[in-house]
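The values are calculated or read from the model by the stated rules, or taken from the named source; none is laboratory data. Fair warning: this is a prediction, and the values are worked out from it, not measured in the lab. We place every Cβ from the backbone using ideal geometry, glycine too, and count neighbours over all the protein chains shown. Heads up: the accessible areas ignore ligands, DNA and RNA and are worked out on the full protein's heavy atoms, side chains in. Shrake-Rupley method; radii C 1.70, N 1.55, O 1.52, S 1.80 Å.
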Amino acid sequence: RRVRIDVVTIFPGYLAPLREALLGRAIEAGLVELGVHDLRDWTHDVHQAVDDSPYGGGPGMVMRPQVWGEALDAVLAAGPARLVVPTPAGRPFTQATAQAWAGEERLVFACGRYEGIDQRVVDSYAARMPVDEVSIGDYVLVGGEVAVMVMVEAVVRLLPGVLGNPVSAQEDSFSDGLLEGPAYTRPVSWRGLDVPEVLRSGNHAAIARWRRDRALERTAARRPDLLDALPEDALDRADRAF
Ligand SMILES: OB(O)c1ccc2cc[nH]c2c1
């Protein structure tokens, strides 16, 4: 099962890194198809205008609906898809979102710039297909391209065959609701810092306990909101003792 991903943007070069490394290999292996399209290909004026002043006034420019409509009609002609529009005003993009989208056959990403895209573009496509306005976090980027890179990586790594060892996708941070604890490799002593003894003990129960305790400790310190969100039965007695 392959996934087809299309991205429409005024900066196609910004998406070039998607063809590097692991994701590049996944594309070469045919596990995912990637199409990057320049929005300006669907302009007809000599200035290739993609933006205009906002109705109601205010700073900045808004991206024109006509150009986006022609671009998305062309890209979506290849078949039904989920349309994703990154925006700081979107619903949070989470690992659960990535998991859900990894099951889709086609994803089309519309990268906004300026103050965003005329709302009628989302409204007109939402009438005939799933459209998600999503945010990757509470900070504001200059455009949607970086957000699309983040989301494409989070989704593609979940596709069968993309990761060397798929188990790690299951054991991700967040899959058990906690942050990952610290990781270590050789040398056993480095700049006066030693690897925790327990990890070299061979006592797998003690190692599992130690790792769980470090995950609980880190989650409590850095993301108490994740602890509060854990289901009732997620923490056993040993966890609570921590
Ligand atoms: O921070 B963001 O997620 C984001 C997404 C899209 C646009 C378009 C213009 N600025 C943007 C920021």
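About its Cα centre, how strong a charge dipole does the stretch 57-138 have in debye, to the nearest 20, once Lys and Arg get +1 and Asp and Glu get -1 at the Cβ? Don't jump to the answer; show the numbers that get you there.
Numbers: 7 positive and 10 negative charges, 9 e Å.
For the stretch 57-138, the charge dipole is close to 40 debye.
Given the convex hull of the Cα atoms of the chain, what is a quarter of its surface area in nm²?
Values: hull surface 72.5 nm².
Quarter of the Cα hull surface area: 18.1 nm².
Among bridges DSSP assigns within the chain, what percent are antiparallel (round to 5)?
Working: 4 of 26 bridges.
Expressed as a percentage, antiparallel bridges in the chain total about 15.
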Check: the stretch 1-50 dipole with +1 on Lys, Arg Cβ and -1 on Asp, Glu Cβ, in debye: 280 debye
Any chymotrypsin sites (Phe, Trp or Tyr not before Pro) in the stretch 1-102 that lie in a DSSP loop and have at most 14 other Cβ atoms within 10 Å would be Tyr55
Amide H within-cut-off set for Phe109, under 5 Å, with H built and near neighbours excluded: Asp6, Val7, Val8, Val84
Determine the distance separating the Cα centre of the stretch 1-63 from the Cα centre of the stretch 87-146; give it in Å without decimals. 13 Å
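Please sort by residue number the trypsin sites (Lys or Arg not before Pro) in the stretch 1-57 whose DSSP state is loop and whose Cβ has at most 16 other Cβ atoms within 10 Å. Show your work: numbers first, answer last.
Numbers: sites: Arg1, Arg2, Arg4, Arg19, Arg25, Arg40; in loops: Arg1, Arg2.
For trypsin sites (Lys or Arg not before Pro) across the stretch 1-57 that sit outside H, G, I, E and B with at most 16 neighbouring Cβ atoms in 10 Å, the list reads Arg1, Arg2.
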Leaving out ligands, DNA and RNA, and with a 1.4 Å probe, what % of the accessible surface on the chain is carbon or sulfur? 53 percent
The farthest towards the positive end of the charge dipole of the stretch 107-242, of the residues Gly181, Tyr139, Cys111, given +1 on Cβ of Lys and Arg and -1 on Cβ of Asp and Glu, is Gly181
Ordering 105-114, 225-234, 71-80 by per-residue average of other C-beta atoms within 10 angstrom, highest first, gives 105-114, 71-80, 225-234
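Give, in whole angstrom and from largest to smallest, the semi-axes √(5λ) of the equivalent ellipsoid of the stretch 77-142, with λ running over the eigenvalues of the Cα gyration tensor. If you can, show how the numbers build up before the last one.
Working: eigenvalues 73, 56, 17 Å².
Working from the Cα gyration tensor, I get semi-axes of 19, 17, 9 Å.
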Rounded to the nearest 0.05, what FRET efficiency is calculated for Ala74 and Val142 with R0 set to 25 Å and r the Cβ-Cβ distance? 0.45
